[in-house]
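Peer 1: Below: one structure in structure tokens.
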Amino acid sequence: MSTLDQAVQTQLTNIQKKTGKSLAELTDIAQKSGLTKHGELRDMFKEKYGLGHGDANSLVHAILASDGTRAAEGKSKSTVLDEIYSGAKAGFRPIHEKLMTEINKFGEFEIVPKKGYVSLRRKKQFAMIGPKTNTRFEVGINAKDLKKNARLLEQPKGGMCNYIVNVTDAKDVDAELVAWIKSAFEGAG
């Protein structure tokens, strides 16, 4: 079992402890709710069981088998990257390549391709990189207490990243952005 699989399993075990319900019971609750959209189910679990956004999100992905990992399962990293950076998003590939060139200098970490982005992990995820839309590329950064900066868009607590940085060109991958990602890398253990 990969580190990521172990982390997801631990999270699901903790969710079951928090809610007092087994995964089968939570799946049954989701099916009987009449809700079908991911966001609706996530919000229901947040409201009904007091789960944080990340836990509720992971729970719904497990119930619907819809997480980006499963969508990328069985494919090579290169195939997933080719799929991510195709069509209107092909122009973002140089941003990805420049980011990875810089991040690879930090040391060992795990690259986990998802359906629409790449998760970068040590003991925990420290960054997410990829196109958010056809016109916007995002770098998600999991670091605490970064100095306020107009480029750093602070995210609500409990999300998958503490900060988002929008990148429009490979030249935006500068020393400042690399330093923020390195801080997250070091904090991810």
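Every read-out reported here was derived from the displayed coordinates using simple, explicitly stated rules and does not represent laboratory data. On a predicted model such as this, the values are computed, not experimentally measured, just so you know. Every residue, glycine as well, gets a Cβ built from its backbone with ideal geometry; the counts of neighbours run over all protein chains shown.
Peer 1: Give the angle, between 0 and 90 degrees and rounded to the nearest 10, that separates the Cα long axis of helix 175-187 from the longest principal axis of the Cα atoms of the chain.
Peer 2: Once rounded, the angle reads 40 degrees.
Peer 1: How high is the relative contact order of the chain, in percent, with contacts defined as C-alpha pairs under 8 Å that are six or more residues apart?
Peer 2: Value for the chain: 17 percent.
Peer 1: Arranged from highest to lowest average of other beta-carbon atoms within 10 Å per residue, in what order do the peptides 45-52, 147-154, 117-124 appear? Could the numbers behind the result be given before it?
Peer 2: Values: 45-52: 16.0, 147-154: 11.1, 117-124: 19.1.
Ranked from most to least packed, the peptides come out as 117-124, 45-52, 147-154.
Peer 1: Taking a temperature of 10 °C and a viscosity of 1.306 mPa s, what whole-number D in µm²/s does Stokes-Einstein yield for the stretch 3-66 with Rh from Kirkwood over alpha carbon pairs?
Peer 2: 138
Peer 1: Which of Leu12, Phe45, Leu35 sits closest to the plus end of the dipole of the chain, meaning its Cα is farthest towards the positive end, when Lys and Arg get +1 and Asp and Glu get -1 on the C-beta?
Peer 2: After comparing all options, I get Phe45.
Peer 1: Among Lys98/Lys182; Lys21/Lys48; Lys77/Lys105; Lys17/Lys46; Lys21/Lys124, which pairs are too far apart, with a Cα-Cα distance over 22 Å?
Peer 2: Pairs exceeding 22 Å: Lys21/Lys124.
Peer 1: I'd like the distance between the alpha-carbon centres of the stretch 1-62 and the stretch 120-189, rounded to an integer number of Å.
Peer 2: Taking the Cα centre of the stretch 120-189 as reference, the centre of the stretch 1-62 is 25 Å away.
Peer 1: With a Cα-only, solvent-free Debye model of the chain, what are the log10 I(q)/I(0) values at q = 0.19 Å⁻¹?
Peer 2: So the normalised log intensities are -1.37.
Peer 1: Going by amide H atoms built from the backbone, whose H comes under 5 Å of the H on Glu110, apart from near neighbours?
Peer 2: Residues meeting the amide H criterion: Arg121, Arg122.
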